[in-house]
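What follows is one structure encoded as structure tokens, with my remarks underneath.
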Protein chains: 2
Amino acid sequence: ELRDALLASFGSRELAGLHVLVSAGPTYEDIDPVRFIGNRSSGRMGFAVAAAAVQAGATVTLIAGPVSLDTPVGVARRIDVRSAAQMHAAVLEAAAGADIYIGAAAVGDYRPLNVSAQKLKKQHGADWSLQLGENPDILASLSAQTAHPFLVGFAAETHDVASYAQDKLRRKGLDMIAANQVGEGLGFEASDNALTLYWDGGALELPRASKPELARQLIARVAERYRAVRS
Amino acid sequence: ELRDALLASFGSRELAGLHVLVSAGPTYEDIDPVRFIGNRSSGRMGFAVAAAAVQAGATVTLIAGPVSLDTPVGVARRIDVRSAAQMHAAVLEAAAGADIYIGAAAVGDYRPLNVSAQKLKKQHGADWSLQLGENPDILASLSAQTAHPFLVGFAAETHDVASYAQDKLRRKGLDMIAANQVGEGLGFEASDNALTLYWDGGALELPRASKPELARQLIARVAERYRAVRS
């Protein structure tokens, strides 16, 4: 009983000895020194995942986009980035030493093709056609490597989350994906969330709960699947 | 001496009896439920201006874009908005009862012409041309009204600040403009700032200082000019 109580209060140490890399938050793609394209990620889900991985005994590296959040206690290393290209580079470098990568960041898919060094002036009476190009895909880059960490992705969608998430799991060769309906008080900019986990041959619904609670449940399943496929 | 000490500690009450409307922060223009175009304004300069106006005895209404700042003590009313169109509507409504309007918000000049109700899916291998249209101009709208508040604008620029600010003062029919070089540790996202004030027939440099200190100096000059032209 004492052992159970200790396990419950200190975490199960199910990731002891493993290096977990977590990305969190949005990315901002600069248009000029003042304007940017961003997204509504607060970073709270990813930071909760990093905290839960620490609780489970992992050595945690956290790569964070522009957020205003304190580093969870026990995180071994935090790297702050702004753009998707910076996050791509930071994740790929850190992934070399990682056993598990959990991509909880909302990485911008597109960036302005021409970034102006000066603030762009308004052209009165004229519309503006902003040309955007695709950003590098972090999970796809990792998945293409011969030896890569156990890969966990997130799919945050407003519609058709389940089918999109399962397609992304297969298409990018992930080990697990956490699907996440955004909107209606859930997900981005909200304190609660709800996830459905998918992996090859399985699925699990994690009903609406606080982000820290969901992060603990996610980490428990990640540890279970990691042991099933990598041990 | 006691009177001077009290004035110094409680402010000079030079705006007593006046209603001051302040806008602050960025605006975010949604592309879809997840992505938006934003700008780097933290809102701290505008919030400091609102606090300084309270100290000077004014009744203050503060209209704030998406920021994570507490309302300064003594502000009579705070209205939170997200987009430039929302800020335009909120300012025009509140301006009807205001003696002075200080536009410290960094209002987005452009918004996506088509806002998607669903998260836009990435189209692999294809660039994206995002069509943007001009937003309504808050200061120009106020200036065009027969009876309007004393108008104070801001010009935050990376280059040619002085000439741009003086042109904006004339073009928009403002009573005063605060020019603000951004970058190099000043302005947006920084705790210090430096301003140059311009009005019809005058100019004043306010050297680098904290935003609260600059806000007090700005408010003193606004009160002076307001009395000169409106009393």
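The values are calculated or read from the model by the stated rules, or taken from the named source; none is laboratory data. Worth saying up front: this structure is predicted, and the values here are computed from it rather than measured. In this analysis, Cβ positions are derived from the backbone assuming ideal geometry, glycine residues included, and neighbour counts consider all displayed protein chains. The protein model used for the area step is the full one, side chains on, heavy atoms only, and it has no ligands, DNA or RNA in it. Shrake-Rupley method; radii C 1.70, N 1.55, O 1.52, S 1.80 Å.
Overview of results
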item	result
Matching residues in region B:47-78 - criterion: being open to solvent by less than 40 Å² (accessible area, probe 1.4 Å) and in contact with a helix residue (DSSP H, G or I) (Cβ under 6 Å, 6 or more places away or on another chain)	B:Ala48, B:Val49, B:Ala52, B:Ala53, B:Ala56, B:Val60, B:Thr61, B:Leu62, B:Ile63, B:Pro72, B:Val75
Test: residue in region B:133-153 that is of a type in the set (Gly, Ala, Ser), surrounded by fewer than 20 Cβ atoms within 10 Å (Cβ to Cβ), at negative phi and within 14 Å of another protein chain (Cβ to nearest Cβ)	yes
All positions within region B:118-140 that are touching a Leu at 6+ places or on another chain (Cβ under 8 Å) and within 19 Å of A:Gln123 (Cβ to Cβ)	B:Ser129, B:Leu130, B:Gln131, B:Leu132, B:Gly133, B:Ile138, B:Leu139
Of all residues in region B:164-217 being under 17 Å from B:Pro149 (Cα atoms) and touching a residue at least 40 places away in the same chain (Cβ under 8 Å), the one that is most open to solvent (accessible area, probe 1.4 Å)	B:Asp175
Selection status of A:Ala117, at negative phi, open to solvent by 50 Å² or more (accessible area, probe 1.4 Å), touching a residue at least 60 places away in the same chain (Cβ under 8 Å) and within 14 Å of another protein chain (Cβ to nearest Cβ)	yes
Residue within region A:160-174 that is β-branched (Val, Ile, Thr), over 30 Å from B:Glu134 (Cα atoms) and either touching a Phe, Trp or Tyr at 6+ places or on another chain (Cβ under 6 Å) or away from chain B (no Cβ under 12 Å) (or both) present	no
Residue list for region A:146-159, filter: in contact with a Phe, Trp or Tyr (Cβ under 6 Å, 6 or more places away or on another chain), in contact (Cβ under 8 Å) with a residue 60 or more places away in the chain and assigned to a strand (DSSP E or B)	A:Phe150
Pair list, Cβ < 7 Å and 6+ apart or interchain, from region B:30-44 residues that are closer than 16 Å to A:Arg111 by Cβ to residues that are open to solvent by less than 10 Å² (accessible area, probe 1.4 Å) and in a loop (DSSP other than H, G, I, E, B)	B:Ile37/B:Ile31
Qualifying residue in region A:90-102 (condition: surrounded by 23 or more Cβ atoms within 10 Å (Cβ to Cβ), within 14 Å of the chain's Cα centre (by Cα) and within 12 Å of another protein chain (Cβ to nearest Cβ))	no
Subset of region B:154-163 [more than 18 Å from B:Val49 (Cβ to Cβ), among the aliphatic types (A, V, I, L, M) and crowded, with 16+ Cβ neighbours inside 10 Å]	B:Val161
Tally of residues being closer than 16 Å to A:Ile37 by Cβ and in contact (Cβ under 8 Å) with a residue 40 or more places away in the chain across region B:92-114	5
